[in-house]
Amino acid sequence: MLKGKNIVLGVCGSIAAYKSALLVRLLVKAQANVQVVMTPDAVHFITPLTLSVLSKNPVLVDSFESKSGVWTNHVELGLWADALIIAPISANSLAKISNGLCDNLLTAVYLSARCPVYFAPAMDLDMWAHPSTQTNVERLLSFGNNLIAPGSGELASGLEGEGRMAEPEEILRYLNTTFQEEHAPLKGKKVLITAGPTYEAIDPVRFIGNHSSGKMGYALAEVFQQLGAEVTLVSGPSSLSTPNHVNRVNITSSAEMFQACSDHFEEASIFIMSAAVADYRPREVAADKIKKDDDSLTLELEKTTDILKTLGAKKKEDQILVGFALETSNELANAEVKLKKKNLDLIVLNSLKDKGAGFAGDQNKITTIDSTGTKQAFDLKPKIEVAKDIAQKVLSLLSNKQ
Ligand code: CTP
């Protein structure tokens with residue numbers, strides 16, 4: 001759930017700062033982008049070099065880098081972050097940020113951050129229990145910030161009691177759960193996605209196929225899973241690996257794809273047909289390998305079932321159907337005809353006239369058209385980013401239906 005998220009990790013002057021190293025490692029392992037910001041006092045407890053190596057980013061301490069004269073923009077950092085975690089936060093920094101003081105980079109980033117803020121205090125038991133600290137914590141909670149409460153145990157002073165910073169593993173678990181809840185608008189929803197080509201058998205060794213790589217559909221499956229949906233990916237032959245936590249159903253022919261889609265359609269809130277389904281298949285499949293006895297060979301082809309059109313006709317009021325259209329001419333007009341004919345909520349148009357768009361590459365350039373006729377053209381971008389744009393469109397269509 002933290003994959004690809006931008007995390008600013010604030011580290012304050014406390015003996016618990018040594019635990020920040022492990023926290024950075026866990027965040028990086030979870031594939032988050034980590035930017036560490038330390039208070040000037042924190043550098044006495046753990047070196048910026050350690051946290052820089054672990055986070056794979058330079059560590060920021062000062063607003064003004066005196067040697068190079070570079071100014072670090074706390075506003076940009078605050079806007080970049082998907083979450084600000086201050087672990088450990090000392091009694092001093094807690095008092096500062098709860099009262100709006102910003103005398104260092106970290107406290108300035110706190111004031112500029114629009115993202116959720118999590119703070120994990122670390123201090124001696126009497127400092128923690130003091131009414132002024134508790135009042136500061138109450139103030140931060142009243143601002144909507146999140147407390148990752150300290151635990152009890154042996155403290156650096158040798159005293160026993162409450163004030164130990166939560167363990168890094170515990171902080172990570174907490175973040176994972178919260179992120180999952182906050183960033184899972186499709187939790188409990190089933191999404192059916194098709195991807196890749198279909199192969200239509202001519203004989204036991206030959207088929208009619210196409211160049212679809214499946215990349216667009218697989219990217220969609222990954223994005224919808226990350227939005228909390230339960231994703232079933234009906235895939236034609238593809239060498240791509242299945243995205244985490246996605247239920248993949250392998251098929252070969254359009255008839256098998258139709259069957260698999262029919263099996264899952266009823267329960268799906270969203271159906272996205274990104275597969276390149278063959279429009280025709282050999283009327284007869286030869287039982288044995290066809291021999292080259294003649295100078296020419298004529299294959300009679302018959303139409304396959306139009307999966308999207310057939311299931312579109314059965315669409316329920318609360319279902320969202322998304323189709324793709326790959327066009328070479330008259331693109332918008334053709335796509336609009338398909339949108340209506342197949343009873344879709346959204347059609348995603350690729351034009352082969354656009355350089356870089358379409359089947360096999362890693363990038364795509366799309367225009368979306370919804371059932372009200374609203375069109376939006378997007379730039380050429382990696383397929384995973386295209387999938388995010390499509391997901392945003394689907395989310396807004398869904399919220400209009402609810
Ligand atoms: N599609 C489908 N079943 C088929 C053929 C296409 O479900 N047998 C779906 C595709 O997955 C896509 C949409 O219909 O989401 C439009 O596909 P496209 O190939 O652009 O159009 P066709 O309807 O096949 O029409 P044509 O090939 O004549 O442009």
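Taking the stated definitions as given, is THR310 part of a loop (DSSP other than H, G, I, E, B) and among the β-branched types (Val, Ile, Thr)?
When the stated conditions are applied, THR310 does not pass them.
Restricting the search to the stretch 260-280, which residues are surrounded by fewer than 16 Cβ atoms within 10 Å (Cβ to Cβ), within 14 Å of the ligand (Cβ to nearest atom) and more than 19 Å from PRO204 (Cα to Cα)? Working first, answer last.
First, pick out the residues of the stretch 260-280 that are surrounded by fewer than 16 Cβ atoms within 10 Å (Cβ to Cβ): 262-263, 266-267, 279-280.
Checking the rest, the ones that are also within 14 Å of the ligand (Cβ to nearest atom) come to 262, 279-280.
SER262, ASP279, listed by residue number.
Any idea which of VAL337, VAL285, VAL322 is touching a helix residue (DSSP H, G or I) at 6+ places or on another chain (Cβ under 8 Å) and either modelled with pLDDT of 95 or more or not small (Gly, Ala, Ser) (or both)?
Only one candidate passes the filter, namely VAL322.
Which one of these is farther than 21 Å from ILE347 by Cα, within 16 Å of the ligand (Cβ to nearest atom), part of a strand (DSSP E or B) and assigned by TED's automatic domain parsing to the domain that holds ASP389: VAL234, VAL249?
VAL249
Each row is one residue, and each column tells you yes or no for (1) more than 24 Å from GLN180 (Cβ to Cβ); (2) within 27 Å of the chain's Cα centre (by Cα); (3) at pLDDT 85 or above.
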| site | (1), (2), (3) |
| --- | --- |
| VAL59 | yes, yes, yes |
| ASP62 | yes, no, no |
| GLY69 | yes, no, no |
| GLU76 | yes, yes, no |
| ALA83 | no, yes, yes |
| SER90 | yes, no, yes |
| SER93 | yes, no, yes |
| LYS96 | yes, no, yes |
| GLY100 | yes, no, yes |
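Name the helices (runs of 4 or more DSSP H) wholly within the stretch 35-136 that hold at least 2 residues that are without any contact (Cβ under 8 Å) to a residue 40 or more places away in the chain?
The qualifying helices (runs of 4 or more DSSP H) are 48-55, 74-80, 105-112, 125-129.
Suppose we keep only residues that are among the β-branched types (Val, Ile, Thr) and under 19 Å from the mean Cα position of the chain (by Cα) within the stretch 170-224. Which one would you say is surrounded by the most Cβ atoms within 10 Å (Cβ to Cβ)?
Here is the first cut: in the stretch 170-224, the ones among the β-branched types (Val, Ile, Thr) are 171, 177-178, 191, 193-194, 198, 202, 205, 208, 223.
From what's left, under 19 Å from the mean Cα position of the chain (by Cα): 177-178, 191, 193-194, 223.
Details: THR177: 11, THR178: 16, VAL191: 27, ILE193: 32, THR194: 29, VAL223: 25.
For the stretch 170-224, the residue satisfying everything is ILE193.
Across the stretch 292-307, what is the number of residues that are part of a loop (DSSP other than H, G, I, E, B) and within 16 Å of the ligand (Cβ to nearest atom)?
3
Among the numbered criteria (1) modelled with pLDDT of 95 or more; (2) more than 17 Å from the chain's Cα centre (by Cα), which single criterion is violated by ASP294?
Result: ASP294 passes all but (1).
Looking at (1) outside any helix (DSSP H, G or I); (2) in contact (Cβ under 8 Å) with a residue 12 or more places away in the chain, which is the one condition that is false for LYS316?
(2)
Quick one: count up the residues across the stretch 372-397 that are under 18 Å from the mean Cα position of the chain (by Cα) and of a type in the set (A, V, I, L, M, F, W, C).
Within the stretch 372-397, residues that are under 18 Å from the mean Cα position of the chain (by Cα) and of a type in the set (A, V, I, L, M, F, W, C) number 7.
Go through the stretch 341-361 and report how many residues are away from the ligand (no atom under 12 Å from the Cβ) and out of contact with any strand residue (DSSP E or B) (no Cβ under 6 Å at 6 or more places or on another chain).
Adding up the residues that qualify gives 5.
List every residue pair whose Cβ atoms sit under 6 Å apart, with the two residues 6 or more apart in sequence or on different chains, where the first one lies in the stretch 176-203 and is away from the ligand (no atom under 13 Å from the Cβ) and the second, anywhere, is part of a strand (DSSP E or B) and modelled with pLDDT of 90 or more.
So the pair list comes out as LYS190/GLU230; VAL191/VAL231; VAL191/ILE270; TYR199/PHE207; ALA201/PHE207; ILE202/PRO282.
The values are calculated or read from the model by the stated rules, or taken from the named source; none is laboratory data. Keep in mind it's a predicted model, so treat the numbers as computed, not measured. Using ideal geometry, Cβ is built from the backbone for each residue, glycine included, and neighbour counts are taken over all protein chains shown.
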